[in-house]
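S.K.: Right, I'll just put the structure down here and ask away after.
Every read-out reported here was derived from the displayed coordinates using simple, explicitly stated rules and does not represent laboratory data. All values derive from a computational prediction rather than experimental measurement. Note: ideal-geometry Cβ built from the backbone for every residue, glycine included; neighbour counts use all protein chains shown.
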Amino acid sequence: MAKDYKLEENATGRLVPTTINGEKAVPYQGVGKYKPTGKKTAPPIATCADYPDDGNKVVGNLKTALLKAGIKDGMTISTHHHFRNGDFVTNAIFDAAAKIGVKDLRWFPSASFPCHAPIIEHLKSGVVHHIEGSMNGPLGEFASKGKMKGMGVLRSHGGRYQAVQDGEVHIDIAVIAAPTADPFGNANGLYGESACGLLGFALADSQYADRVIVVTDHLIDFPCYPWQIQGNYVDYVVVMDKIGDPEKIISGTTRITRSPDRLLIARMAAQFLRDAGIMRDGFSFQAGAGGTSLAFVDYLSRFMREANVKARFVRGGSTEFLAEMLEEGLTDYILDGQTFDLKGIESMREHPNHVDTSPFTSYNYHGKGMFATMVDAAILGATEVDVNFNGNVVSHSDGMLLHGIGGWQNTLFSGCTILTVPTFRNRIPILVDEVTTLTGPGELIDVVVTERGIAINPERKDLIKAIKGSDLPIRPITELKEEAEEICGGKPGKPNLGSRVIAAIKWVDGTVIDAVRQVLD
Amino acid sequence: MGKATVGTLGEEKRVDCNIHLETKKSGGIDLELHSKVEVMYGDANRELIREGLSFFGIKNARVIIEDYGAYPFVLRARLETAVKRAVPDINDEFLPEFRDKCLYKSLRGRFRRTRLYLPGNFPNFMINAGLHNPDGIILDLEDSVSPTEKDAARSLVRNALRVVDFYGSERMVRINQIPMGLEDLPWIIPHNTHLVLIPKCVSCADVQKVDEKIEEIKKEENISQEVFLMPIIESALGVIRAYEIASASTNVVALAIGLEDYTADIGTQRTKEGRESFFARESLVNAARAAGVQPIDTVFSDVDDVEGLRKSTLEAKSLGFEGKGCIHPRQISVIHEAFMPTEEEIEKAKKIVTVFLEAKERKLSVVSLGSKMIDPPVVKRAENIVRLAIKTGKLDENWRNNGQGL
């Protein structure tokens with residue numbers, strides 16, 4: 001493919017494309033610098049006269065629904081990732097699209113997983129032109145090798161909402177896989193075989209897409225309540241035998257890591273919150289569902305009990321660990337963005353203070369505030385961190401695109417953002433001189449907790465002062481990096497990258513913070 | 001022309017590699033490297049392999065390496081073993097540079113509450129072991145290494161001793177049973193081994209043979225530093241001879257018991273309650289105390305049973321043991337906590353130490369607390385508790401002068 005873009009240096013000095021797949025793109029200008037004006041976008045006006053009075057919008061199958069929705073070449077089809085690696089719907093959509101014979105679709109998922117590897121065939125055959133969303137596993141490798149026709153675009157969960165709301169991405173057809181729905185299109189993720197908790201990642205899609213299709217394997221009589229997705233946005237309802245694999249959608253039990261090194265990191269992160277005085281009555285924090293995060297929650301709960309401290313709210317990624325904190329009274333609320341296990345779903349169903357949230361409430365940077373800035377501490381991971389505290393979550397040191405951004409960029413706005421990472425992993429340095437792909441600017445990353453010590457961003461003089469007197473090993477980040485290099489055998493070599501940009505990395509405000517290059521063999 | 005293979009056996013391959021080496025008559029070095037870290041360290045690896053081959057004087061060879069992210073010290077050790085297997089008359093050691101971080105010393109009377117066993121032919125756990133702060137780290141050449149891999153483990157353990165930072169933990173090696181264990185010593189003694197564990201020890205001759213061999217190596221290598229010994233008693237006969245074993249050399253600083261083999265030896269099964277080994281454990285404590293060395297308890301092998309470990313450690317403490325073996329880093333903090341003196345113990349110990357010091361200052365020959373006379377062993381135990389309280393942060397170092405005294 002010929003290059004149809006120019007490169008320009010953004011505020012971080014990274015060269016980024018100024019057009020992406022033919023549309024204009026704004027280079028990153030700095031945190032809080034880019035403030036677009038004008039109006040948000042809006043979906044077309046609909047008329048009740050066009051919809052059945054009995055509220056029954058059920059049509060025969062996915063193909064029929066796509067045809068009725070007017071699927072055409074070049075359209076944008078959106079999906080959500082609440083089913084994670086157990087999603088059956090996405091592949092069915094593009095198989096149907098292939099049968100219909102349309103080409104050059106843009107797939108706009110909130111995230112992709114290894115189960116979506118079959119999309120590679122549709123990329124090769126031309127049914128799908130490119131992906132805008134995370135590219136994990138096989139899709140990431142396909143894109144990294146330069147095999148995808150168009151340029152990929154990676155956005156955070158909040159950035160995806162912002163892009164839809166601002167009209168940067170126009171969704172022609174949204175397909176919302178729903179564990180429970182009624183014929184009118186009201187839907188939720190709380191009940192049914194494929195229960196996943198909530199459906200917040202599909203909110204923007206329901207509100208702004210031209211056409212909305214709800215697909216379920218658990219159709220109940222009207223009303224389906226709670227209506228996490230409102231039927232008033234929905235055009236068609238399709239019933240499939242199975243929309244997902246329950247075992248891959250959520251885990252039966254979530255397990256704390258057994259790795260002694262990760263446990264050490266988790267304990268130090270929890271101790272940091274305690275010793276720096278962030279853990280105090282009425283505080284809040286956010287942690288994910290990875291093994292280290294769970295261990296962190298476990299240690300922090302212990303410290304909170306010892307100190308008789310209670311949180312006002314906890315943001316998740318909910319799991320049984322957060323649910324137990326709520327039951328025990330260690331927190332007043334769970335503000336949940338994504339539910340990871342059975343106990344989390346049950347808690348959301350049963351407990352009035354386990355509240356479902358969306359990228360709009362929590363992460364949308366072009367809104368009148370967002371929850372993310374109100375969280376006292378966020379505990380996150382990264383694939384690389386550099387000596388300037390810049391973080392990378394999308395690629396590895398070998399240059400391959402392997403992960404999505406998720407809510408990572410959005411949560412950087414917390415009062416104290418902590419990255420928990422090993423200094424190196426299996427001879428791959430994680431602390432480096434310069435991140436391969438810049439995903440989050442160092443000015444928003446406050447603390448890096450590693451197995452060999454804790455580095456505090458020198459800009460955070462308040463934190464440096466607050467942690468004085470603690471017995472935690474506080475060390476300069478350069479020293480930790482040098483120790484990792486000494487163990488691994490010197491400075492790591494760089495990947496052999498081509499000049500072609502295979503994906504653009506968006507910042508939370510829609511500007512381009514970095515570009516991912518093709519990996520040459 | 002020789003041919004040899006060395007490397008990881010089984011599933012666990014991380015940070016290790018497989019090397020296949022075949023020496024040839026001509027054709028130069030034909031190196032084929034498949035590496036998980038090709039982008040980061042492929043070139044560095046090739047350079048290291050070429051440097052090694054030239055060090056051993058090998059000019060023509062076919063070398064195939066599957067690398068799973070082996071650290072340089074691992075790659076060096078594996079190459080050395082492959083070369084020595086292919087060309088048995090090569091004796092040179094391809095030594096990595098001795099890092100400053102590996103040169104610290106140990107002390108005869110230091111705490112030995114925890115000693116973490118690491119399989120000697122398995123590099124993955126070595127790098128971060130010291131981060132979990134065990135009192136000692138044992139690089140094991142004995143039971144965790146299969147008989148065919150002893151040579152590979154020896155060079156790996158030697159390289160680890162020269163390169164890996166154990167962050168202040170005592171640097172221990174468990175050698176093989178005597179006499180085979182004597183062959184292990186030249187691989188480890190020149191590389192700042194603080195303490196040698198002698199497994200399945202049954203006589204004071206075992207200890208003396210080790211002691212003599214160490215002295216011989218120290219003389220050759222011009223090493224003046226003491227190398228401490230910890231015999232492990234693992235048999236009925238060993239238990240009977242525990243005292244003579246413990247006093248066989250002034251280098252013995254601790255006496256440990258290994259219950260897995262002992263219970264088999266007396267014809268029974270090991271239980272969690274441990275009634276079958278009560279006699280052996282208490283005999284060992286008695287013998288160690290009589291010889292003036294630390295009595296150290298066996299390992300607790302159920303890694304997931306944290307409560308069981310805590311109970312077992314508290315029991316060991318009540319029997320008079322000063323330490324316990326670990327097979328997983330997660331056990332370390334549990335054991336340290338269990339060995340931590342209670343507030344009551346500390347208060348009592350402070351009183352005893354205080355009256356002892358006062359009596360000494362006043363040159364009194366009799367120490368008494370209230371109406372009770374205090375004998376030297378009681379003072380010694382109290383001093384030990386105070387020292388442990390200071391080490392574990394429960395008591396300030398200057399407690400006598402800063403208001404924490406009496």
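S.K.: Would you compute, for the Cα atoms of chain A, the largest minus smallest coordinate along each principal axis and list the three values in descending order, in whole Å?
M.R.: Projected onto the principal axes, the Cα atoms of chain A cover 70, 56, 42 Å.
S.K.: Continuing with this model, one more query. Hey, can you grab everything whose amide H is under 5 Å from the amide H of residue A:212? Only 5+ residues off in sequence or another chain; H modelled, so Pro and N-termini drop out.
M.R.: Residues meeting the amide H criterion: A:174, A:235, A:236.
S.K.: Please compute the average number of Cβ atoms from other chains found within 10 Å of each residue's Cβ in peptide A:485-492.
M.R.: Average neighbour count from other chains, rounded to a whole number: 5.
S.K.: Looking at the square roots a ≥ b ≥ c of the eigenvalues of the Cα gyration tensor of the stretch A:415-503, which shape do they give, rounded for a/c under 1.5, prolate if a/b is larger than b/c, or oblate?
M.R.: Oblate, since a/c reaches 1.5 and b/c is not below a/b.
S.K.: How long is chain B along each principal axis, judged by its Cα atoms, biggest number first, in Å?
M.R.: Principal extents (Cα only, largest first): 89, 51, 45 Å.
S.K.: Sticking with this one: Hey, in the GNM for chain B with a 10 angstrom Cα cutoff, which one of B:232, B:346, B:245 fluctuates hardest?
M.R.: B:346
S.K.: From Cα coordinates alone, what are the radius of gyration and Dmax values for the stretch A:260-491 in angstrom?
M.R.: Rg, Dmax (Cα atoms, Å): 17.1, 54.
S.K.: Using the Kirkwood radius built from alpha carbon pairs, what does the Stokes-Einstein equation give as D for the stretch A:1-152 at 20 °C and 1.002 mPa s, in µm² per second?
M.R.: My calculation gives 119 µm²/s for D.
S.K.: OK, next. On a straight-distance basis, which lysines could pair with residue A:99 in a cross-link, Cα separation under 25 angstrom, same-chain partners fewer than 8 positions away excluded?
M.R.: The qualifying lysines are A:57, A:63, A:68, A:72, A:124, A:147, A:149, A:242.
S.K.: State, in angstrom, two size descriptors of the stretch B:3-86 derived from its alpha carbons: Rg to one decimal place and Dmax to the nearest whole number.
M.R.: Values for the stretch B:3-86 (Cα only, Rg and Dmax): 11.8, 36 Å.
S.K.: Based on Cα positions only, what radius of gyration and what Dmax would you give for the protein assembly as shown, in angstroms?
M.R.: Rg then Dmax for the protein assembly as shown, in Å: 32.4, 108.
S.K.: Counting only other chains, and only Cβ atoms inside 10 Å, what mean value do you get across the residues of B:29-40?
M.R.: That works out to 4 on average.
S.K.: Continuing with this model, one more query. Near residue A:75, within a Cβ-to-Cβ distance under 14 Å, what is the net charge of the other residues, with Lys and Arg +1 and Asp and Glu -1?
M.R.: After counting each charged neighbour, the total is -1.
S.K.: By per-residue mean of other Cβ atoms within 10 Å, what is the highest-first order of A:385-398, A:114-127?
M.R.: A:385-398, A:114-127
S.K.: Note down the magnitude of the dipole of chain B about its Cα centre, charges +1 on Lys and Arg C-beta and -1 on Asp and Glu C-beta and zero elsewhere, to the nearest 20 debye.
M.R.: 980 debye
S.K.: So if I place +1 on the C-beta of Lys and Arg and -1 on the C-beta of Asp and Glu, and nothing else carries charge, what would the dipole magnitude of the protein assembly as shown be about its Cα centre? I want it in debye, nearest 20.
M.R.: 1540 debye
S.K.: Give the percent of DSSP beta bridges with both residues in the protein assembly as shown that are antiparallel, rounded to the nearest 5.
M.R.: 30 percent
S.K.: Can I ask one more? DSSP loop trypsin sites (Lys or Arg not before Pro) in the stretch A:425-521 with at most 15 other Cβ atoms within 10 Å of their Cβ, which ones?
M.R.: Sparse-neighbourhood loop trypsin sites (Lys or Arg not before Pro): A:468.
S.K.: Count the DSSP beta bridges whose two residues both fall in chain B, then state the antiparallel fraction as a percent rounded to the nearest 5.
M.R.: In chain B, DSSP labels about 30 percent of beta bridges as antiparallel.
S.K.: Something else about it: Determine, from the Cβ-Cβ distance of residue B:236 and residue B:183 and an R0 of 30 Å, the FRET efficiency 1/(1 + (r/R0)^6), rounded to the nearest 0.05.
M.R.: Approximately 0.65, to the nearest 0.05.
S.K.: At 7 Å along Cα-to-Cβ for each site, give me the label-to-label distance between residue B:47 and residue B:275 in nm.
M.R.: 6.6 nm
S.K.: Next question. Across 10 Å bins from the origin, how do the percents of Cα pairs in the stretch B:343-391 run, short distances first?
M.R.: Each 10 Å bin holds this share of Cα pairs: 28, 56, 15, 0.
S.K.: Can you list residues from other chains, or at least 5 along the same chain, whose modelled amide H is less than 5 Å from the amide H of residue A:420?
M.R.: Correct list: A:380, A:381, A:449.
S.K.: Rounded to whole Å and ordered largest first, report the semi-axes of the equivalent ellipsoid of the stretch A:157-244 derived from its Cα gyration tensor (root of 5λ).
M.R.: Computed over the stretch A:157-244, the values are 22, 13, 11 Å.
S.K.: Right, another one. Can you divide the C-alpha Rg of the stretch B:101-339 by 2.2 N^0.38 Å and report the result to two decimal places?
M.R.: Normalised by 2.2 N^0.38 Å, the Cα Rg of the stretch B:101-339 equals 0.93.
S.K.: Roughly how crowded by other chains is peptide A:160-168, in terms of the mean Cβ count from those chains within 10 Å of each of its Cβ atoms?
M.R.: That works out to 0 on average.
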